[in-house]
1. Just one of 59, 88, 68 is buried (at least 18 other Cβ atoms within 10 Å of the Cβ), part of a helix (DSSP H, G or I) and hydrophobic (A, V, I, L, M, F, W, C); which is it?
2. Select from the stretch 107-129 the residues that are open to solvent by less than 10 Å² (accessible area, probe 1.4 Å) and either closer than 20 Å to residue 71 by Cα or hydroxyl-bearing (Ser, Thr, Tyr) (or both) and list them in ascending order.
3. Any chance you could count how many residues in the stretch 25-41 are at pLDDT 75 or above and surrounded by 12 or more Cβ atoms within 10 Å (Cβ to Cβ)?
4. Determine whether the stretch 6-24 contains at least one residue that is over 22 Å from residue 212 (Cα atoms), β-branched (Val, Ile, Thr), modelled with pLDDT under 75 and not in a helix (DSSP H, G or I).
5. Are there any pairs, at least 6 apart or on different chains, whose C-beta atoms fall under 7 Å, with the first in the stretch 104-122 and within 18 Å of residue 157 (Cα to Cα) and among the aromatic types (Phe, Trp, Tyr) and the second at pLDDT below 90 and open to solvent by 60 Å² or more (accessible area, probe 1.4 Å), and if so, which?
6. Out of contact with any helix residue (DSSP H, G or I) (no Cβ under 7 Å at 6 or more places or on another chain), modelled with pLDDT of 75 or more, in a helix (DSSP H, G or I) and under 30 Å from residue 240 (Cα atoms): is that true of residue 275 in this structure?
7. Which numbered condition in (1) touching a Phe, Trp or Tyr at 6+ places or on another chain (Cβ under 8 Å); (2) surrounded by fewer than 19 Cβ atoms within 10 Å (Cβ to Cβ) is the only one that residue 77 fails?
Amino acid sequence: MGRRKISLKSGVFYSLLYIIVATTIALALVWYINEKRNLKNRSTELFERYEKQQKEYLVEEVEKTITVIDAIRNTHKDVDEENIKQEVLSVLAAIRLRYEGYLFINQFDGRALLFDGKKVEGYKNVSDMVDPTGLRLFDIEKEAYLDVNGKFMEYLFKKIDSSEPEPKISFMKGYRGWEWIIGAGTYKNKPTQELLALQQGFNASFKKNLLWLTILSGLFVALCLWLLKYIEGKLHGQVISITNYLNKAATSESLIDTDKLSYKELHLIGDSLNKMIIEKRQLTKSFIERDQDIKSIFSAATNVGFVISDMKGKDSTIKEFSPGAENIFGYKKSEIIGKRIGILHHPGDDKNFMRFQKILLKRENGYQAEAKLVKKGGESFDVFFITHQLSRPDDEPAMLCVVLDISKRKKAENELRMLKNELEAKINERTKELVDKNEELLEKNRKLENFNDLFVGREFRIKELKNKINDLEKKLNNGA
(Lines give C-alpha, C1' and ligand atoms only; values in the text may rest on other atoms or scores of the structure.)
Protein backbone atom coordinates (compact mmCIF):
# COMPACT_ATOMS: atom_id res chain seq x y z
CA MET A 1 0.00 0.00 0.00
CA GLY A 2 1.16 3.55 -0.71
CA ARG A 3 1.92 6.03 2.04
CA ARG A 4 -1.20 7.73 3.44
CA LYS A 5 -1.60 11.28 2.10
CA ILE A 6 -2.27 14.21 4.43
CA SER A 7 -3.66 17.65 3.65
CA LEU A 8 -1.62 20.83 3.68
CA LYS A 9 -3.64 21.97 6.66
CA SER A 10 -2.74 18.87 8.63
CA GLY A 11 0.89 19.10 7.48
CA VAL A 12 1.23 22.69 8.67
CA PHE A 13 -0.54 21.82 11.93
CA TYR A 14 1.83 19.01 12.75
CA SER A 15 4.83 21.09 11.68
CA LEU A 16 3.87 23.92 13.99
CA LEU A 17 3.07 21.48 16.74
CA TYR A 18 6.54 19.96 16.53
CA ILE A 19 8.23 23.38 16.45
CA ILE A 20 6.32 24.87 19.40
CA VAL A 21 6.58 21.76 21.55
CA ALA A 22 10.30 21.56 20.79
CA THR A 23 10.73 25.22 21.83
CA THR A 24 8.72 24.69 25.00
CA ILE A 25 10.76 21.77 26.18
CA ALA A 26 14.14 23.27 25.27
CA LEU A 27 15.26 23.70 28.87
CA ALA A 28 14.14 20.20 29.78
CA LEU A 29 15.87 18.88 26.69
CA VAL A 30 19.12 20.52 27.77
CA TRP A 31 18.80 18.68 31.06
CA TYR A 32 18.03 15.45 29.27
CA ILE A 33 21.06 15.78 26.96
CA ASN A 34 23.31 16.58 29.89
CA GLU A 35 22.07 13.57 31.88
CA LYS A 36 22.34 11.38 28.81
CA ARG A 37 25.90 12.57 28.27
CA ASN A 38 26.76 11.76 31.86
CA LEU A 39 25.19 8.33 31.49
CA LYS A 40 27.14 7.75 28.29
CA ASN A 41 30.42 8.89 29.88
CA ARG A 42 29.92 6.62 32.87
CA SER A 43 28.96 3.74 30.57
CA THR A 44 32.03 4.40 28.40
CA GLU A 45 34.18 4.46 31.51
CA LEU A 46 32.76 1.09 32.54
CA PHE A 47 33.36 -0.39 29.09
CA GLU A 48 36.92 0.95 28.96
CA ARG A 49 37.70 -0.49 32.38
CA TYR A 50 36.28 -3.88 31.43
CA GLU A 51 38.06 -3.82 28.08
CA LYS A 52 41.34 -2.94 29.79
CA GLN A 53 40.87 -5.87 32.16
CA GLN A 54 40.17 -8.18 29.24
CA LYS A 55 43.23 -6.98 27.33
CA GLU A 56 45.48 -7.42 30.34
CA TYR A 57 44.05 -10.89 30.83
CA LEU A 58 44.68 -11.85 27.17
CA VAL A 59 48.29 -10.61 27.27
CA GLU A 60 48.84 -12.58 30.48
CA GLU A 61 47.39 -15.76 28.92
CA VAL A 62 49.57 -15.49 25.79
CA GLU A 63 52.70 -14.93 27.86
CA LYS A 64 51.76 -17.89 30.09
CA THR A 65 51.25 -20.02 26.97
CA ILE A 66 54.71 -19.11 25.65
CA THR A 67 56.16 -19.95 29.08
CA VAL A 68 54.42 -23.35 29.00
CA ILE A 69 55.82 -24.08 25.54
CA ASP A 70 59.36 -23.15 26.64
CA ALA A 71 59.01 -25.34 29.73
CA ILE A 72 57.87 -28.36 27.71
CA ARG A 73 60.72 -27.87 25.23
CA ASN A 74 63.28 -27.64 28.03
CA THR A 75 62.03 -30.84 29.70
CA HIS A 76 61.94 -32.80 26.42
CA LYS A 77 65.26 -31.86 24.86
CA ASP A 78 65.94 -35.42 23.69
CA VAL A 79 62.51 -35.78 22.02
CA ASP A 80 61.90 -35.13 18.34
CA GLU A 81 60.82 -31.51 17.75
CA GLU A 82 57.67 -32.50 15.85
CA ASN A 83 56.53 -34.75 18.71
CA ILE A 84 57.08 -31.87 21.15
CA LYS A 85 54.86 -29.64 18.99
CA GLN A 86 52.07 -32.22 19.03
CA GLU A 87 52.32 -32.58 22.79
CA VAL A 88 52.20 -28.78 23.21
CA LEU A 89 49.09 -28.55 21.00
CA SER A 90 47.38 -31.31 23.01
CA VAL A 91 48.13 -29.50 26.28
CA LEU A 92 46.94 -26.09 24.99
CA ALA A 93 43.74 -27.53 23.44
CA ALA A 94 42.55 -28.45 26.94
CA ILE A 95 42.89 -24.84 28.22
CA ARG A 96 39.77 -22.65 28.37
CA LEU A 97 39.78 -18.91 29.06
CA ARG A 98 37.30 -16.64 30.78
CA TYR A 99 34.53 -14.89 28.85
CA GLU A 100 34.04 -18.03 26.68
CA GLY A 101 37.52 -17.59 25.26
CA TYR A 102 40.15 -20.02 24.01
CA LEU A 103 43.65 -20.17 22.59
CA PHE A 104 44.41 -20.42 18.87
CA ILE A 105 47.68 -21.12 17.05
CA ASN A 106 48.49 -20.63 13.35
CA GLN A 107 51.69 -21.09 11.44
CA PHE A 108 53.16 -18.06 9.64
CA ASP A 109 52.43 -19.80 6.30
CA GLY A 110 48.67 -19.76 7.04
CA ARG A 111 48.15 -23.28 8.38
CA ALA A 112 45.88 -23.58 11.43
CA LEU A 113 47.18 -25.78 14.27
CA LEU A 114 44.74 -24.86 17.07
CA PHE A 115 41.33 -23.58 15.91
CA ASP A 116 38.22 -22.84 18.03
CA GLY A 117 40.22 -24.17 20.99
CA LYS A 118 40.64 -27.56 19.31
CA LYS A 119 43.67 -29.27 17.84
CA VAL A 120 43.39 -29.30 14.02
CA GLU A 121 43.60 -32.73 12.47
CA GLY A 122 44.78 -32.65 8.86
CA TYR A 123 45.39 -29.42 6.93
CA LYS A 124 43.36 -26.24 7.42
CA ASN A 125 44.32 -23.00 5.65
CA VAL A 126 43.22 -19.74 7.32
CA SER A 127 45.31 -17.30 5.28
CA ASP A 128 42.22 -15.95 3.43
CA MET A 129 39.87 -15.87 6.44
CA VAL A 130 37.76 -12.70 6.75
CA ASP A 131 35.11 -11.63 9.25
CA PRO A 132 31.59 -10.52 8.13
CA THR A 133 32.84 -6.93 7.71
CA GLY A 134 35.54 -8.04 5.23
CA LEU A 135 38.46 -7.66 7.68
CA ARG A 136 41.36 -9.94 6.64
CA LEU A 137 42.21 -11.58 9.94
CA PHE A 138 45.39 -13.42 8.99
CA ASP A 139 47.03 -10.25 7.65
CA ILE A 140 46.72 -8.74 11.13
CA GLU A 141 48.05 -11.98 12.66
CA LYS A 142 51.18 -11.70 10.51
CA GLU A 143 51.66 -8.11 11.66
CA ALA A 144 51.42 -9.34 15.26
CA TYR A 145 54.05 -12.01 14.53
CA LEU A 146 56.49 -9.38 13.20
CA ASP A 147 55.84 -7.03 16.16
CA VAL A 148 57.99 -8.10 19.13
CA ASN A 149 55.36 -6.69 21.52
CA GLY A 150 52.44 -8.51 19.86
CA LYS A 151 49.19 -6.93 18.70
CA PHE A 152 45.47 -6.75 19.57
CA MET A 153 42.72 -7.42 17.02
CA GLU A 154 38.98 -6.63 17.28
CA TYR A 155 36.64 -8.45 14.88
CA LEU A 156 33.39 -10.41 14.54
CA PHE A 157 33.47 -14.17 15.04
CA LYS A 158 30.87 -16.91 15.63
CA LYS A 159 30.81 -18.69 18.96
CA ILE A 160 31.24 -22.46 18.91
CA ASP A 161 27.57 -22.98 19.88
CA SER A 162 26.10 -20.07 17.87
CA SER A 163 25.53 -19.17 14.23
CA GLU A 164 25.59 -15.38 14.71
CA PRO A 165 28.94 -13.52 14.75
CA GLU A 166 29.66 -11.51 17.91
CA PRO A 167 32.31 -8.90 18.82
CA LYS A 168 35.56 -10.52 19.85
CA ILE A 169 39.00 -9.29 20.92
CA SER A 170 42.27 -11.21 20.65
CA PHE A 171 45.90 -10.66 21.51
CA MET A 172 48.53 -12.33 19.30
CA LYS A 173 52.26 -12.70 19.47
CA GLY A 174 54.88 -14.53 17.41
CA TYR A 175 56.80 -17.56 18.67
CA ARG A 176 59.83 -17.27 16.40
CA GLY A 177 61.42 -20.64 17.23
CA TRP A 178 58.59 -22.52 15.51
CA GLU A 179 57.17 -19.71 13.30
CA TRP A 180 53.92 -19.89 15.28
CA ILE A 181 51.38 -17.13 15.81
CA ILE A 182 49.99 -17.66 19.31
CA GLY A 183 46.73 -15.92 20.15
CA ALA A 184 44.22 -15.74 23.00
CA GLY A 185 40.72 -14.54 22.14
CA THR A 186 37.59 -13.80 24.16
CA TYR A 187 34.18 -12.41 23.35
CA LYS A 188 33.78 -8.83 24.53
CA ASN A 189 32.40 -8.83 28.06
CA LYS A 190 29.75 -6.26 28.97
CA PRO A 191 29.35 -4.80 32.50
CA THR A 192 25.65 -5.74 32.48
CA GLN A 193 24.72 -5.20 36.16
CA GLU A 194 26.46 -1.84 36.47
CA LEU A 195 24.89 -0.58 33.23
CA LEU A 196 21.44 -1.69 34.42
CA ALA A 197 21.82 0.27 37.67
CA LEU A 198 22.86 3.40 35.75
CA GLN A 199 19.90 3.08 33.37
CA GLN A 200 17.37 2.63 36.21
CA GLY A 201 18.57 5.82 37.91
CA PHE A 202 18.33 7.73 34.66
CA ASN A 203 14.79 6.43 33.96
CA ALA A 204 13.48 7.50 37.40
CA SER A 205 14.70 11.07 36.90
CA PHE A 206 13.44 11.21 33.33
CA LYS A 207 9.83 10.25 34.25
CA LYS A 208 9.41 13.29 36.51
CA ASN A 209 10.51 15.70 33.81
CA LEU A 210 8.45 13.91 31.16
CA LEU A 211 5.26 14.73 33.11
CA TRP A 212 6.03 18.45 32.97
CA LEU A 213 6.84 18.26 29.28
CA THR A 214 3.47 16.63 28.58
CA ILE A 215 1.56 19.37 30.39
CA LEU A 216 3.40 22.15 28.53
CA SER A 217 2.91 20.43 25.17
CA GLY A 218 -0.86 20.25 25.73
CA LEU A 219 -1.08 23.97 26.45
CA PHE A 220 0.51 24.87 23.15
CA VAL A 221 -1.73 22.65 20.97
CA ALA A 222 -4.43 25.33 21.09
CA LEU A 223 -1.89 27.91 19.94
CA CYS A 224 -0.97 25.67 17.00
CA LEU A 225 -4.62 25.53 15.84
CA TRP A 226 -4.92 29.32 15.84
CA LEU A 227 -1.68 29.79 13.88
CA LEU A 228 -2.79 27.13 11.42
CA LYS A 229 -5.86 29.10 10.37
CA TYR A 230 -3.75 32.17 9.74
CA ILE A 231 -1.04 30.43 7.67
CA GLU A 232 -3.46 28.23 5.70
CA GLY A 233 -4.99 31.18 3.89
CA LYS A 234 -1.55 32.54 2.93
CA LEU A 235 -0.23 29.29 1.49
CA HIS A 236 -3.28 27.99 -0.36
CA GLY A 237 -2.94 30.13 -3.50
CA GLN A 238 0.82 29.54 -3.83
CA VAL A 239 0.41 25.78 -3.45
CA ILE A 240 -2.14 25.71 -6.26
CA SER A 241 0.33 27.55 -8.51
CA ILE A 242 3.28 25.28 -7.82
CA THR A 243 1.03 22.20 -8.23
CA ASN A 244 0.12 23.32 -11.76
CA TYR A 245 3.80 23.82 -12.59
CA LEU A 246 4.63 20.35 -11.28
CA ASN A 247 1.97 18.74 -13.42
CA LYS A 248 3.45 20.38 -16.52
CA ALA A 249 7.02 19.37 -15.53
CA ALA A 250 5.97 15.75 -15.02
CA THR A 251 4.47 15.40 -18.51
CA SER A 252 6.78 17.53 -20.65
CA GLU A 253 9.87 18.08 -18.42
CA SER A 254 9.16 21.80 -18.61
CA LEU A 255 11.02 24.04 -16.16
CA ILE A 256 9.09 25.89 -13.44
CA ASP A 257 8.84 29.69 -13.71
CA THR A 258 10.07 30.50 -10.19
CA ASP A 259 9.63 34.27 -10.68
CA LYS A 260 5.87 33.83 -10.20
CA LEU A 261 6.29 32.29 -6.73
CA SER A 262 6.00 34.83 -3.90
CA TYR A 263 7.35 32.85 -0.98
CA LYS A 264 11.10 32.40 -0.70
CA GLU A 265 10.76 28.79 0.45
CA LEU A 266 8.56 27.87 -2.54
CA HIS A 267 11.04 29.67 -4.79
CA LEU A 268 13.83 27.45 -3.42
CA ILE A 269 11.67 24.35 -3.98
CA GLY A 270 11.08 25.43 -7.57
CA ASP A 271 14.81 25.90 -8.16
CA SER A 272 15.49 22.44 -6.74
CA LEU A 273 12.82 20.88 -8.96
CA ASN A 274 14.29 22.62 -12.01
CA LYS A 275 17.73 21.30 -11.09
CA MET A 276 16.26 17.81 -10.71
CA ILE A 277 14.66 17.98 -14.17
CA ILE A 278 17.99 19.06 -15.74
CA GLU A 279 19.87 16.27 -13.94
CA LYS A 280 17.24 13.76 -15.09
CA ARG A 281 17.85 14.77 -18.70
CA GLN A 282 21.61 14.35 -18.26
CA LEU A 283 21.22 10.99 -16.50
CA THR A 284 18.95 9.71 -19.25
CA LYS A 285 21.53 10.67 -21.83
CA SER A 286 24.33 9.09 -19.73
CA PHE A 287 22.38 5.81 -19.36
CA ILE A 288 21.81 5.61 -23.09
CA GLU A 289 25.51 6.19 -23.83
CA ARG A 290 26.58 3.65 -21.18
CA ASP A 291 24.20 1.04 -22.60
CA GLN A 292 25.68 1.59 -26.06
CA ASP A 293 29.25 1.25 -24.65
CA ILE A 294 28.42 -2.07 -22.96
CA LYS A 295 26.86 -3.42 -26.14
CA SER A 296 29.98 -2.38 -28.08
CA ILE A 297 32.23 -4.21 -25.61
CA PHE A 298 30.10 -7.36 -25.85
CA SER A 299 30.26 -7.25 -29.65
CA ALA A 300 34.03 -6.54 -29.84
CA ALA A 301 35.14 -9.41 -27.56
CA THR A 302 34.76 -12.24 -30.09
CA ASN A 303 37.08 -14.66 -28.23
CA VAL A 304 35.58 -14.03 -24.80
CA GLY A 305 32.09 -15.21 -23.90
CA PHE A 306 29.81 -13.10 -21.67
CA VAL A 307 26.80 -15.02 -20.32
CA ILE A 308 24.27 -13.48 -17.92
CA SER A 309 21.71 -15.64 -16.12
CA ASP A 310 19.39 -15.39 -13.15
CA MET A 311 20.21 -17.38 -10.01
CA LYS A 312 17.38 -19.87 -9.46
CA GLY A 313 19.39 -23.08 -9.01
CA LYS A 314 18.78 -25.74 -11.64
CA ASP A 315 15.98 -23.58 -13.13
CA SER A 316 18.33 -20.66 -13.86
CA THR A 317 17.78 -19.24 -17.35
CA ILE A 318 20.07 -17.38 -19.75
CA LYS A 319 19.30 -13.64 -20.00
CA GLU A 320 22.19 -12.38 -22.18
CA PHE A 321 24.55 -14.16 -24.63
CA SER A 322 27.40 -12.17 -26.27
CA PRO A 323 28.84 -12.69 -29.78
CA GLY A 324 31.95 -14.17 -28.15
CA ALA A 325 29.76 -16.73 -26.38
CA GLU A 326 28.17 -17.57 -29.74
CA ASN A 327 31.64 -18.31 -31.19
CA ILE A 328 32.67 -20.44 -28.19
CA PHE A 329 29.50 -22.51 -27.68
CA GLY A 330 28.10 -22.56 -31.22
CA TYR A 331 24.64 -21.28 -30.24
CA LYS A 332 22.98 -18.22 -31.71
CA LYS A 333 21.72 -15.67 -29.20
CA SER A 334 18.17 -15.95 -30.54
CA GLU A 335 18.02 -19.71 -29.96
CA ILE A 336 19.47 -19.81 -26.42
CA ILE A 337 18.01 -16.77 -24.64
CA GLY A 338 15.48 -18.04 -22.09
CA LYS A 339 16.89 -21.59 -22.05
CA ARG A 340 18.08 -23.24 -18.84
CA ILE A 341 21.74 -22.58 -18.03
CA GLY A 342 22.16 -26.35 -17.66
CA ILE A 343 22.25 -26.62 -21.48
CA LEU A 344 25.89 -25.49 -21.30
CA HIS A 345 26.78 -28.04 -18.60
CA HIS A 346 27.13 -31.82 -18.52
CA PRO A 347 24.08 -33.84 -17.41
CA GLY A 348 24.19 -34.47 -13.66
CA ASP A 349 25.96 -31.17 -12.85
CA ASP A 350 22.77 -29.60 -11.40
CA LYS A 351 23.71 -30.27 -7.76
CA ASN A 352 27.18 -28.81 -8.19
CA PHE A 353 25.75 -25.82 -10.04
CA MET A 354 23.22 -25.11 -7.25
CA ARG A 355 25.93 -25.41 -4.59
CA PHE A 356 28.17 -23.05 -6.60
CA GLN A 357 25.37 -20.44 -6.80
CA LYS A 358 24.91 -20.52 -3.02
CA ILE A 359 28.65 -19.91 -2.56
CA LEU A 360 28.56 -17.02 -5.07
CA LEU A 361 25.67 -15.35 -3.20
CA LYS A 362 27.88 -15.14 -0.09
CA ARG A 363 30.96 -13.80 -1.93
CA GLU A 364 31.71 -10.20 -2.81
CA ASN A 365 34.73 -10.76 -5.05
CA GLY A 366 33.29 -13.39 -7.36
CA TYR A 367 34.75 -16.79 -8.20
CA GLN A 368 37.10 -18.20 -10.85
CA ALA A 369 38.05 -21.75 -11.84
CA GLU A 370 38.54 -24.20 -14.72
CA ALA A 371 35.76 -26.57 -15.79
CA LYS A 372 34.40 -28.68 -18.64
CA LEU A 373 31.36 -27.31 -20.49
CA VAL A 374 29.36 -28.51 -23.50
CA LYS A 375 29.04 -26.97 -26.99
CA LYS A 376 25.93 -27.04 -29.14
CA GLY A 377 26.87 -30.34 -30.82
CA GLY A 378 27.49 -32.05 -27.46
CA GLU A 379 31.27 -31.68 -27.63
CA SER A 380 32.92 -31.32 -24.22
CA PHE A 381 35.70 -28.75 -23.94
CA ASP A 382 37.83 -27.05 -21.28
CA VAL A 383 37.16 -23.46 -20.19
CA PHE A 384 38.46 -20.93 -17.71
CA PHE A 385 35.61 -18.88 -16.23
CA ILE A 386 35.15 -15.92 -13.88
CA THR A 387 31.76 -15.26 -12.27
CA HIS A 388 30.36 -12.25 -10.44
CA GLN A 389 27.02 -11.52 -8.86
CA LEU A 390 25.20 -8.62 -10.53
CA SER A 391 22.99 -6.01 -8.87
CA ARG A 392 19.62 -5.73 -10.60
CA PRO A 393 16.97 -2.98 -10.33
CA ASP A 394 14.33 -5.58 -9.37
CA ASP A 395 16.54 -6.94 -6.53
CA GLU A 396 16.60 -10.32 -8.27
CA PRO A 397 20.13 -11.79 -8.03
CA ALA A 398 21.84 -12.40 -11.37
CA MET A 399 25.19 -13.86 -12.41
CA LEU A 400 27.72 -12.72 -15.02
CA CYS A 401 30.01 -15.47 -16.30
CA VAL A 402 33.07 -14.57 -18.42
CA VAL A 403 34.23 -17.67 -20.36
CA LEU A 404 37.53 -18.41 -22.18
CA ASP A 405 38.08 -21.53 -24.31
CA ILE A 406 41.32 -23.16 -23.04
CA SER A 407 40.94 -26.54 -24.77
CA LYS A 408 44.02 -25.89 -26.99
CA ARG A 409 46.09 -25.02 -23.96
CA LYS A 410 44.88 -28.15 -22.15
CA LYS A 411 45.76 -30.28 -25.17
CA ALA A 412 49.28 -28.80 -25.23
CA GLU A 413 49.65 -29.46 -21.51
CA ASN A 414 48.65 -33.11 -21.99
CA GLU A 415 51.14 -33.54 -24.84
CA LEU A 416 53.86 -31.95 -22.72
CA ARG A 417 53.00 -34.32 -19.87
CA MET A 418 53.28 -37.33 -22.17
CA LEU A 419 56.69 -36.15 -23.45
CA LYS A 420 57.80 -35.66 -19.88
CA ASN A 421 56.75 -39.21 -18.97
CA GLU A 422 58.60 -40.64 -22.01
CA LEU A 423 61.73 -38.70 -21.07
CA GLU A 424 61.56 -39.96 -17.50
CA ALA A 425 61.21 -43.55 -18.76
CA LYS A 426 64.30 -43.17 -20.96
CA ILE A 427 66.26 -41.63 -18.11
CA ASN A 428 65.28 -44.53 -15.83
CA GLU A 429 66.32 -47.05 -18.53
CA ARG A 430 69.71 -45.36 -19.00
CA THR A 431 70.19 -45.17 -15.23
CA LYS A 432 69.61 -48.96 -14.95
CA GLU A 433 72.24 -49.60 -17.61
CA LEU A 434 74.76 -47.47 -15.72
CA VAL A 435 73.98 -49.31 -12.49
CA ASP A 436 74.52 -52.72 -14.19
CA LYS A 437 77.87 -51.58 -15.67
CA ASN A 438 78.94 -50.27 -12.31
CA GLU A 439 78.17 -53.68 -10.73
CA GLU A 440 80.33 -55.41 -13.36
CA LEU A 441 83.25 -53.07 -12.64
CA LEU A 442 82.89 -53.65 -8.91
CA GLU A 443 82.98 -57.47 -9.47
CA LYS A 444 86.16 -57.24 -11.56
CA ASN A 445 87.74 -55.01 -8.93
CA ARG A 446 86.96 -57.58 -6.21
CA LYS A 447 88.59 -60.39 -8.28
CA LEU A 448 91.69 -58.25 -8.83
CA GLU A 449 92.00 -57.59 -5.10
CA ASN A 450 91.80 -61.39 -4.38
CA PHE A 451 94.60 -62.05 -6.90
CA ASN A 452 96.82 -59.45 -5.23
CA ASP A 453 96.23 -61.07 -1.83
CA LEU A 454 97.29 -64.51 -3.24
CA PHE A 455 100.39 -63.06 -4.89
CA VAL A 456 101.58 -61.30 -1.74
CA GLY A 457 101.00 -64.46 0.37
CA ARG A 458 103.03 -66.60 -2.10
CA GLU A 459 106.01 -64.22 -1.84
CA PHE A 460 105.99 -64.49 1.95
CA ARG A 461 105.85 -68.32 1.83
CA ILE A 462 108.78 -68.55 -0.66
CA LYS A 463 110.90 -66.37 1.60
CA GLU A 464 110.01 -68.53 4.63
CA LEU A 465 110.93 -71.71 2.69
CA LYS A 466 114.30 -70.26 1.70
CA ASN A 467 115.04 -69.48 5.37
CA LYS A 468 114.22 -73.08 6.39
CA ILE A 469 116.51 -74.49 3.66
CA ASN A 470 119.35 -72.28 4.86
CA ASP A 471 118.85 -73.54 8.42
CA LEU A 472 118.95 -77.19 7.26
CA GLU A 473 122.16 -76.59 5.31
CA LYS A 474 123.78 -75.03 8.41
CA LYS A 475 122.76 -78.02 10.55
CA LEU A 476 124.13 -80.51 7.99
CA ASN A 477 127.43 -78.64 7.81
CA ASN A 478 127.74 -78.58 11.57
CA GLY A 479 127.09 -82.35 11.79
CA ALA A 480 129.75 -83.06 9.24
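1. On the way: 59 fails: buried (at least 18 other Cβ atoms within 10 Å of the Cβ); 68 fails: buried (at least 18 other Cβ atoms within 10 Å of the Cβ).
Unique residue meeting the criteria: 88.
2. Residue satisfying the conditions is 114 alone.
3. 1
4. Yes, there is a match, as at least one residue in the stretch 6-24 is over 22 Å from residue 212 (Cα atoms), β-branched (Val, Ile, Thr), modelled with pLDDT under 75 and not in a helix (DSSP H, G or I).
5. Matching pairs, first to second residue: 115/124.
6. On the way: out of contact with any helix residue (DSSP H, G or I) (no Cβ under 7 Å at 6 or more places or on another chain): yes; modelled with pLDDT of 75 or more: yes; in a helix (DSSP H, G or I): yes; under 30 Å from residue 240 (Cα atoms): yes.
Yes.
7. Among (1) touching a Phe, Trp or Tyr at 6+ places or on another chain (Cβ under 8 Å); (2) surrounded by fewer than 19 Cβ atoms within 10 Å (Cβ to Cβ), the lone unmet condition for residue 77 is (1).
To keep it simple, each residue is scored yes or no on (1) touching a Phe, Trp or Tyr at 6+ places or on another chain (Cβ under 7 Å); (2) of a type outside the set (D, E, K, R); (3) within 18 Å of residue 176 (Cβ to Cβ).
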| site | (1), (2), (3) |
| --- | --- |
| 66 | yes, yes, yes |
| 73 | no, no, yes |
| 89 | no, yes, yes |
| 92 | no, yes, yes |
| 109 | no, no, yes |
| 117 | yes, yes, no |
| 137 | yes, yes, no |
| 147 | no, no, yes |
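The values are calculated or read from the model by the stated rules, or taken from the named source; none is laboratory data. Keep in mind the model is a prediction, meaning the values are calculated, not measured. Glycine also receives a Cβ, built like all others from the backbone with ideal geometry; neighbour counts cover every protein chain displayed. Surface areas here come from the heavy atoms of the whole protein model, side chains and all, with no ligands, DNA or RNA. Shrake-Rupley method; radii C 1.70, N 1.55, O 1.52, S 1.80 Å.
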